Amino acid sequence: VLQFPQSAHAAMDESQLEMFGEVVGFLSDPKAQVQGSALAGLLGYVDVPEFKQYVAENTRAVVRPTMRLMASEQREIAKAAFALLTNLSQNKAVGKCMVELKGFKRVLELLMTNYVLEGDAELTFLSCAVLANLSGHTYENPATTKAIEEQLGVTTEGAGQTPLEFLVACATQAPQEKGDPFLHLYNLLQNISNWASVRAALMSERTTLAYWNILASYMVSQRSRRKGVMGLFRNLASEPSCHPKLVESDLPWRMCCFLFDAEAKDLEGRDAVYKEIVENQIGFSADVSTRRLGAEVLGLLCTTKEGREGLRLINTYEVVRRWHLKEEDPEIKDALESIVPSVHYTEEELVAEGLDEPDPNRVYQIGNGLNPQPPEAVVEPAKVTLAEDHPARQDPSVDPSDLPLEGLFDRIEENGAK
């Protein structure tokens, strides 16, 4: 893990802050060894308050040369540059700067190269992590978000594949045996689906139902992807116009596979879809946040006639009934109780009871009540926070414990002279 000795984290004076500027300057050195040493040194300081202060005051000076090194022909340098930007882009100011420098588009292009042309799993993973962070901020200036939308290709028309469609296609790829290079791609899709333009593009005829069925299957087969996929579907469910396509997909019944328990004896007289749910069930999810997302997806689908009819077709009432018996979270229980009439009664019965229109007093968005016009940011943005033992916080060639604060420049210059 790239951490300097604790003694090197002592309070720094102005001269030591100036030192950061000199190290950043080495990022533009023509020698790859110097660039690598500089990146390793900066990576070791990502959690140090003084370095964060320096980045805040000199954002563009740090971001621009690091972005250039993402495309380095030296793979280890490119990986270290991505690792540094993954950590720095958790800061909104850095994210804004990168977007203004067309960093979102540049990382997208590198993702296409790293994955499609070279099959580099590590760089693919880091590319997705940076994109997830850049899209996870709520930028005060609408122009910043607009820039990301443009770089995703959602505001332009054309016959070719847009970057957004490329991302969706990547999301359907199965994880590799040794890891999932697209793990953070689902955080990215969850974040950008907060925007109405992206939701519209995702639900267009250009994105076939087969894509959504594959993503829905990952909720069951790939636990590490489950929350990201559910967050994406929850955002899409906040848009009533998306409901016909969502209920036509495998989303509802796949989601039910981990939200209740049923026994074989319960299948007598049941329809084929319900039987498929029971046959594919993987047990009641122990994760409260997963169940909350599931309740919100079902609740949002209940706000339209198309959504309710789709849920009735898979016998969602029986799923919700059994789920409610086992649920211990009071807010989720309230949400399930508010869903029951919509999935149990016919449309005619709902009209007779005056329940065919969303009632603001019924709980669909857990903790907030139902908002008939869901806010744009319907899911908390998911930013990538790397664990201490995460590969993105490691440099394969330089051990930062060998690079104490004192003598750092000598080491960099020494490497450059070799």
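Here are a few things to note about the model shown:
- With θ taken as phi - 60° and the Karplus curve 6.51 cos²θ - 1.76 cosθ + 1.60 applied, the whole-hertz 3J(HN,Hα) list for segment 48-62 is 7, x, 5, 6, 4, 5, 4, 4, 4, 8, 9, 4, 5, 5, 7 Hz, x standing for glycine and proline.
- Relative protection proxy for 179-186, 67-74, from highest mean packing down: 179-186, 67-74 (other beta-carbon atoms within 10 angstrom).
- Remark: segment 237-253, residue by residue, has Karplus-estimated 3J(HN,Hα) of 5, 6, 9, x, 5, 7, 4, x, 6, 5, 6, 6, 7, 7, 3, x, 6 Hz, where x stands for each Gly or Pro and the curve is 6.51 cos²θ - 1.76 cosθ + 1.60 at θ = phi - 60°.
- Computed from backbone phi with θ = phi - 60° and the Karplus coefficients 6.51, -1.76 and 1.60, the 3J(HN,Hα) list for segment 281-288 is 5, 10, x, 5, 5, 7, 8, 4 Hz; x is used for glycine and proline.
- Distance violations [Cα-Cα > 22 Å] among 227/305; 96/245; 52/105; 245/305; 52/178; 92/146: 227/305; 96/245; 52/105; 52/178
- Rounded if a/c under 1.5, otherwise prolate or oblate - segment 151-196, Cα gyration tensor axes: oblate
- Alpha carbon convex hull of segment 81-123, projected area averaged over orientations, nm²: 2.9
- Segment 122-270 - convex hull of the alpha-carbon atoms, volume per residue in Å³: 132
- Sorted largest first, the spans of the alpha carbon positions of segment 119-195 along the three principal axes are 40, 31, 18 Å.
- Amide hydrogen neighbours beyond the local backbone of residue 303, cut-off 5 Å, H modeled: none
- For segment 162-241, alpha-carbon Rg relative to the globular expectation (2.2 N^0.38 Å, N residues): 1.02
The numbers here are math on the coordinates, done by the rules we state, and not lab data. These numbers were taken from a predicted model, which means no experiment stands behind them. As a convention, Cβ positions derive from the backbone with ideal geometry for all residues, glycine included, and neighbour counts pool all protein chains shown.
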